[in-house]
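Report on one structure; see the data block that follows.
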Amino acid sequence: MPQRRYHNKSRHGCLQCKKNRTKCDEDRPQCGRCRRIRSACSLATQTANLVFVAPRNAMPQNQASNDSSRVINQSSSISDGYGSHSPSDLMSVAASTPGTEHSDVECDFTDIEKERLKLMNHYALHTSKSITDVIIPQDQNQSFWGEWVTELAFKHNFLLHGLLGLSALHLALRGVSAQRHTVMAIRHHDLGVAMFRPHLSNITPENHDAVFAFSCIVVLYTFGIQRPFEPTEDPIDRLHQVFSLIRGSSFLVKADHETMARSRWSVLMLPHPFPPTVLSSELEDVLGKLLSRAAMMPKAARMGIYEPTIQTLRHSLAMAVMYRRTKMTFSYFAVMSPPEFWSMVRTGEPLALVILANYAVTLHWLRRNIWMAYWGKGIVEAVHQKLPLGWRECIAWAVQETDSHSEPDEIEVYSASTSNSLPEKDHIIASSTL
């Protein structure tokens, strides 16, 4: 019987040559035969760094047979373009670069990568919940801030840096390596802002959601990075800086409310214009005192600044009661107040400070949230120190609310266009969990 001629099989040849039982020269990206007959070659799409290694000669035959069967069973449901390889070809796959032994391959992470993975994990598990605690979209759950916004972040680097910065700041506020995480928060936030700026002049349907998400993140970051109880020479000037940042970050809602109302963010949108409302007799008395003081001002300031601002304060109080964390109400006053009002806050105009202190009560109602903690009481105390004695009666309600350790009393709010004898079911009552 003639001896069978030894033949070296081409184990890395293209699928076309294997199908035709011809030797493949394995030339990439197209072997010689396919190039000659002008045929598509599988080597053009085969991943270069996947190396098929022949089975070890020392492996027992029965073990090789079992391993081959296992590989075939595991691969039967996967259509990856290598279905025509023999079982021995599929037994061992080393994901390494050419010339590198697969047994020596080690995938390591840099310290920066590990740091960012930790922050992203903390955001998913904890920081997103802290946002949900202060902004719970109606008919939504944790997936809104924990999943959907995260998906947006992986498509837009500026938002990803925003989430990483907020996560680091959240750790700092919880007392976990506060100094180190504060530095990390500032670094990621600054990177996010730098990447964000070009998008302001080029908002498209593709980046619109990410731009608004980043705006929300900036508001919370601003409240978190600045604390009103920290020592400062001029606390009013610090408050002015904080609210100026909030005003700038929320430009999108004010500029294009209709587009926002059609987006997924519509669950956070407040009605515009806000309907006329009637508050409790106590709050109506507070607003009445402010209007009386405004009436003593020059007509230009009264009509152009103070009366519109007091109306915005009325809406903010009503929103805080009506929507109870289901919408983003805490930045409404900062965004909708006339810019001249904030200039008067900075110069210490008494009526402007009084209005600000009464708005701060809505932040105090959110004090159990880590981002809003201390803000309400801090603002009222700063204003109280700055005000002349004759003006302090105008913030008596705000002082009482922020000094109290109990939750706010129930406050009835309803549309002014409805009858004063509304049935009980038509009254919107503030719960004790504001």
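The values are calculated or read from the model by the stated rules, or taken from the named source; none is laboratory data. The structure presented is a predicted model; accordingly, all values stated were derived computationally and were not measured. Counting neighbours? That spans all protein chains shown, and the Cβs are built from the backbone with ideal geometry, glycine included. Ligands, DNA and RNA are excluded from the accessible area calculation, which covers all protein heavy atoms including side chains. Shrake-Rupley method; radii C 1.70, N 1.55, O 1.52, S 1.80 Å.
Selection of first residues in the stretch 210-232 that are within 26 Å of Phe144 (Cα to Cα) and not assigned by the TED database to the domain that holds Val193 and of second residues that are of a type in the set (Lys, Arg) and at pLDDT 90 or above, restricted to Cβ pairs under 6 Å at least 6 apart or on distinct chains, gives an empty result.
Within the stretch 178-223, the set of residues being more than 16 Å from the chain's Cα centre (by Cα), under 17 Å from Lys155 (Cβ atoms) and not in a helix (DSSP H, G or I) comprises Asn202, Ile203, Thr204, Pro205, Glu206.
Only one of the numbered conditions (1) surrounded by fewer than 23 Cβ atoms within 10 Å (Cβ to Cβ); (2) modelled with pLDDT of 90 or more; (3) assigned to a helix (DSSP H, G or I) is violated by Gly175, and that is (3). For the stretch 269-295, a tally of residues being open to solvent by 30 Å² or more (accessible area, probe 1.4 Å) and over 20 Å from Trp397 (Cβ atoms) returns 5. Just to be sure, is Glu393 more than 35 Å from the chain's Cα centre (by Cα), surrounded by fewer than 18 Cβ atoms within 10 Å (Cβ to Cβ) and part of a helix (DSSP H, G or I)? Yes: the conditions hold for Glu393.
Residues that are closer than 22 Å to Leu245 by Cβ number at least 1 in the following helices (runs of 4 or more DSSP H) confined to the stretch 273-368: 307-322, 332-336, 339-347, 350-364. Is it the case that Ala382 is open to solvent by less than 40 Å² (accessible area, probe 1.4 Å) and either modelled with pLDDT of 50 or more or touching a Cys at 6+ places or on another chain (Cβ under 9 Å) (or both)? In short, yes. Quick check on Leu220: is it open to solvent by 40 Å² or more (accessible area, probe 1.4 Å) and at pLDDT 85 or above? It is false that Leu220 is open to solvent by 40 Å² or more (accessible area, probe 1.4 Å) and at pLDDT 85 or above.
Picking from residues in the stretch 224-242 that are open to solvent by 10 Å² or more (accessible area, probe 1.4 Å) and assigned to a helix (DSSP H, G or I), the one that is modelled with the highest pLDDT is Ile225.
Going through (1) within 28 Å of Thr222 (Cα to Cα); (2) part of a helix (DSSP H, G or I); (3) modelled with pLDDT of 90 or more one by one, Trp371 falls short only on (2). Going through (1) modelled with pLDDT under 95; (2) open to solvent by less than 10 Å² (accessible area, probe 1.4 Å); (3) among the small types (Gly, Ala, Ser) one by one, Ala185 falls short only on (1).
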